[in-house]
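Undergrad: A single structure is presented below for examination.
The values are calculated or read from the model by the stated rules, or taken from the named source; none is laboratory data. Every value quoted in this text rests on a predicted model; they were computed, and no experiment measured them. Note that we place each Cβ from the backbone using ideal geometry, even for glycine, and neighbour counts take in every protein chain shown. Each accessible area value is taken on the protein alone, full model and side chains, heavy atoms only, with ligands, DNA and RNA left out. Shrake-Rupley method; radii C 1.70, N 1.55, O 1.52, S 1.80 Å.
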Amino acid sequence: MIHINCPPKSRNPQSLNSINSLQNPSFPQSRMPSFLSKSFLRLPPKSLPFPMSTVAAAKSRLRGVVFDMDGTLTVPVIDFAAMYKAVLGDVEYKRIKAENPSGIDILHHIDSWTAEKQQEAYKIIADFEKQGLDRLQIMPGAAELCGFLDAKKIRRGLITRNVKDAVDLFHQRFGMMFSPALSREFRPYKPNPAPLLHICSTWDVQPNEVMMVGDSLKDDVACGKNAGALTCLLDENGRYGSQDFANLDLTPDFKVSSLIEVHSLLKSNFDLTP
């Protein structure tokens, strides 16, 4: 496990009263260095060459962690490529994929369709999601990480682009409660920062005291960056590289290959005092 030792980047807190002004889906992306390690790492400003040990007493305070659900807290089981093809058709799918190498935002495309066409698309998506629910599995390390956060009295929230029924089933099946737990019925959804800012407001904390953890650069990391929160990208299979960061002008603060690594990451880099 590799960690680059540099002091944490200072962040300016963002007002929690700005949620209603965030309806425009176009948000400035944070500019950060684009490089990775083989395991989890902190991506610090290049202008700070001295080691973390010289400022060990100045760890940032962490008061909450917000998780994505599908592919983060649960093992990915939905065949998204097949779902997108079913919704868009093969020709349109190939065209949109070529124009968006970092991933397709299917919900964004559907929003511009007629009501009748939207209804058909959401039915297809619901069928794929139901198949995923039938095979729902907890991600390795999720239960242990949640237990650690509970012991430290660190709040746990959830933001997903899946439906509320899926969130309810997750809570019931695995006995882990997240609050608030926002599904795609909460508008606007990720990558808009509104759901994350809503959670910060509910907790009465500043966004820079919260970490967003998820497996999607364009949804989870973008949501966290746009809200002014810390971000951690879960990349189990080395899916993301520097070119992906450059394409979206997004670089997470941390990158891990498992939720087990998040445990060590939090202890090493943050003040976890309740």
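Undergrad: Expressed as a whole percentage, what fraction of the accessible surface of the stretch 80-135 belongs to carbon and sulfur atoms when a 1.4 Å probe is rolled over the protein heavy atoms?
TA: On the stretch 80-135, the fraction of accessible area on carbon and sulfur atoms equals 54 percent.
Undergrad: Now, a different point. In whole angstrom, note down how far apart the Cα centers of the stretch 227-254 and the stretch 126-160 are.
TA: The stretch 227-254 and the stretch 126-160 have Cα centres separated by 20 Å.
Undergrad: Suppose all protein chains stay in the model; what accessible area per residue would a 1.4 Å probe give for the stretch 80-135, in Å²? Before the final figure, lay out the partial values.
TA: Values: 3520 Å² over 56 residues.
Averaged over the residues of the stretch 80-135, the accessible area is 63 Å².
Undergrad: Taking a threshold of 26 Å on the Cα-Cα distance, which of the pairs Lys164/Lys255; Lys164/Lys218; Lys117/Lys190; Lys117/Lys255; Lys117/Lys225 fall above it? Don't jump to the answer; show the numbers that get you there.
TA: Values: Lys164/Lys255 28 Å; Lys164/Lys218 22 Å; Lys117/Lys190 22 Å; Lys117/Lys255 38 Å; Lys117/Lys225 32 Å.
Lys164/Lys255; Lys117/Lys255; Lys117/Lys225, as the Cα separations exceed 26 Å there.
Undergrad: Let me ask something else about it. Label Ser112 and Lys94 with points 7 Å out from Cα along Cα→Cβ: what is the distance between them in nm?
TA: Placing both labels 7 Å along Cα→Cβ, they lie 2.1 nm apart.
Undergrad: While we're here: Could you list which residues have their amide H under 5 Å from that of Ile159, counting only those 5 or more apart in sequence or on another chain, with H placed in the peptide plane?
TA: Those lying under 5 Å, H to H, from Ile159 are Phe67, Asp68, Met69, Leu182.
Undergrad: Given the C-alpha centroids of the stretch 60-114 and the stretch 173-208, what is the distance between them in whole angstrom?
TA: Cα centroid of the stretch 60-114 versus Cα centroid of the stretch 173-208: 18 Å apart.
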